[in-house]
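Structure first, commentary second.
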Amino acid sequence: MPKVGITITKADRKLISGLVAHYVKNRSFLEVMLKQLSDAILGSQELMAQVHSTKGRLKDPAHLEDKLLRQLRDAKLKKRPFTISEKNLLYRITDLVGFRILHLHTEQIISIDRELRAVFDEYKFPLFEEPKARTWDDETREFFRGVGIRPVKSPTLYTSVHYVVESNSSTKATCEIQVRTLAEELWGEVDHSMNYPHESPVPSCREQIKVLARVTSSCSRLVDSIFRSAKSGSS
């Protein structure tokens, strides 16, 4: 919801419209980046052996406009300059290009992390920032810390590991790669459809989405336990 007391002027809207138009103008360039990254990931047999499925997309221009307006309102609220421009839009907004990797159980992230980094090295996609594991669960945070992925608290109950890589082209852009279990994907899709980026106006829906986060976390733990049991039973 718009922040109370923050005015968006005609000049602000012109600025945001210009940024969105710049994004639309460069979508073909970003589609090339998405295809290059997708081909590199899908071409890794070692990585794909751990993966259930993948999907990729470019950000909807309307969603970008909404995101930029939220960032502009936040900058005004905190009395900070709004620093997104046509020169830096393609790499400062790190999810214009998005790629998602889904897997079955939590411990697969150990192999996925190793093989993803190998793909990034092989095809010259430098990490824009170190990977982060966004999670609300204390035990899950400890797991990620133990395997060398920095955990970040997630008050929204969102759970996913994020990698951001740079393009290997002269024009710099970034792509966000999300890695999560199928159970986490279920929660993410439900939350995204009615509670993101703006909270659902229905209190019961917001509460049910919180409950769903705990149910899907339990589902992930059960799946993890099944795979550990199968592994110990076969050894």
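Listing for the model above:
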item: Count of residues meeting criterion [of a type in the set (S, T, Y) and loosely packed, with under 14 Cβ neighbours inside 10 Å] in segment 1-49; result: 4
item: Top-ranked residue of segment 85-108 - restricted to ones that are basic (K, R) and either in contact with a Ser or Thr (Cβ under 8 Å, 6 or more places away or on another chain) or touching a residue at least 24 places away in the same chain (Cβ under 8 Å) (or both), ranked as farthest from E166 (Cα to Cα); result: R100
item: In segment 142-165, the residues that are outside any strand (DSSP E or B) and either hydroxyl-bearing (S, T, Y) or open to solvent by 30 Å² or more (accessible area, probe 1.4 Å) (or both); result: E142, F143, R145, G146, V147, G148, S154, P155, T156, Y158, T159
item: Per-region count, segment 192-225, residues in contact (Cβ under 8 Å) with a residue 40 or more places away in the chain and surrounded by fewer than 12 Cβ atoms within 10 Å (Cβ to Cβ); result: 2
item: Matching residues in segment 12-32 - criterion: being more than 24 Å from H192 (Cβ to Cβ) and either assigned to a helix (DSSP H, G or I) or of a type in the set (D, E) (or both); result: D12, R13, K14, L15, S17, G18, A21, H22, K25, S28, F29, V32
item: Matching residues, segment 117-134, being touching a residue at least 24 places away in the same chain (Cβ under 8 Å) and more than 15 Å from the chain's Cα centre (by Cα); result: A118, V119, F120, E122, Y123, K124, F125, P126
item: From the options D121, D137, residue that is at pLDDT below 95 and among the acidic types (D, E); result: D137
item: Flag if K76 is more than 21 Å from H52 (Cα to Cα) and touching an Asp or Glu at 6+ places or on another chain (Cβ under 9 Å); result: yes
item: Number of the exception - F120 against (1) crowded, with 19+ Cβ neighbours inside 10 Å; (2) of a type outside the set (D, E); (3) within 21 Å of Y158 (Cβ to Cβ); result: (3)
item: Residue in segment 82-90 that is open to solvent by 30 Å² or more (accessible area, probe 1.4 Å), closer than 18 Å to C175 by Cα and in contact with a Leu (Cβ under 7 Å, 6 or more places away or on another chain) present; result: yes
item: Complete set of residues in segment 50-67 that are surrounded by 12 or more Cβ atoms within 10 Å (Cβ to Cβ) and among the aliphatic types (A, V, I, L, M); result: V51, L58, L64
item: Residues located in segment 33-57, provided they are in a helix (DSSP H, G or I) and in contact (Cβ under 8 Å) with a residue 40 or more places away in the chain; result: M33, L34, Q36, L37, S38, A40, I41, E46, L47
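The values are calculated or read from the model by the stated rules, or taken from the named source; none is laboratory data. Note that the structure is predicted; figures quoted are calculated from it, not measured. For neighbour counting, all protein chains shown are included, and Cβ atoms are generated from backbone atoms with ideal geometry for every residue, glycine included. Note: areas computed on protein heavy atoms with side chains; ligands, DNA, RNA excluded. Shrake-Rupley method; radii C 1.70, N 1.55, O 1.52, S 1.80 Å.
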